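Since the structure comes first, as structure tokens, the remarks are kept for the end.
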Amino acid sequence: MTAEVGWIRRMEELAEAVSAYLAQHPQAMDSLEGIAEWWLPRSSGHVDLNALARTLDVMVEHGILEKVGTGRVSYRLKRQVP
């Protein structure tokens, strides 16, 4: 497996874990560090914050999440406008 394929797989795993957490806690909102600490399963071991940050950015780009705030940004499910 190439490093690029490994990186993509890890991002997919992170996106699935974030999505699973939000399915159970749709009102959740947290920072990058909080997501790494509280949203991801403990079995994930050490979380690469760079990979998680990129994963969250991709989820924002795809309209799944939204960034809230300035400075220390938080992430949450994107609110649907009626």
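The values are calculated or read from the model by the stated rules, or taken from the named source; none is laboratory data. Here the structure is a predicted model, which means the values were calculated and not measured. Virtual Cβ from ideal backbone geometry, glycine too; neighbours counted across all protein chains shown.
Residues that are farther than 19 Å from MET11 by Cβ and either touching a Phe, Trp or Tyr at 6+ places or on another chain (Cβ under 7 Å) or in a helix (DSSP H, G or I) (or both) are absent from the stretch 54-65.
Might you check whether a residue that is outside any helix (DSSP H, G or I) and in contact (Cβ under 8 Å) with a residue 40 or more places away in the chain occurs anywhere in the stretch 31-40? Within the stretch 31-40 (the criterion being outside any helix (DSSP H, G or I) and in contact (Cβ under 8 Å) with a residue 40 or more places away in the chain), the answer is yes, since at least one residue qualifies. Of the candidates ARG76, ARG72, the single residue that is at pLDDT 95 or above and not in a helix (DSSP H, G or I) is ARG76.
Taken together, SER31, SER74 contain a single residue that is over 16 Å from LEU14 (Cβ atoms) and in contact with a Ser or Thr (Cβ under 6 Å, 6 or more places away or on another chain), which is SER74. Just one of the listed residues (GLU66, GLU4, GLU61) is loosely packed, with under 11 Cβ neighbours inside 10 Å, modelled with pLDDT of 90 or more and either among the acidic types (Asp, Glu) or within 11 Å of the chain's Cα centre (by Cα) (or both), namely GLU61.
Contact map, the stretch 6-23: residues that are closer than 12 Å to LEU40 by Cβ paired with residues that are of a type in the set (Gly, Ala, Ser) and at pLDDT below 95, Cβ distance under 7 Å, separation 6+ or inter-chain. Pairs shown: ARG10/ALA51; LEU14/ALA51; ALA17/SER44.
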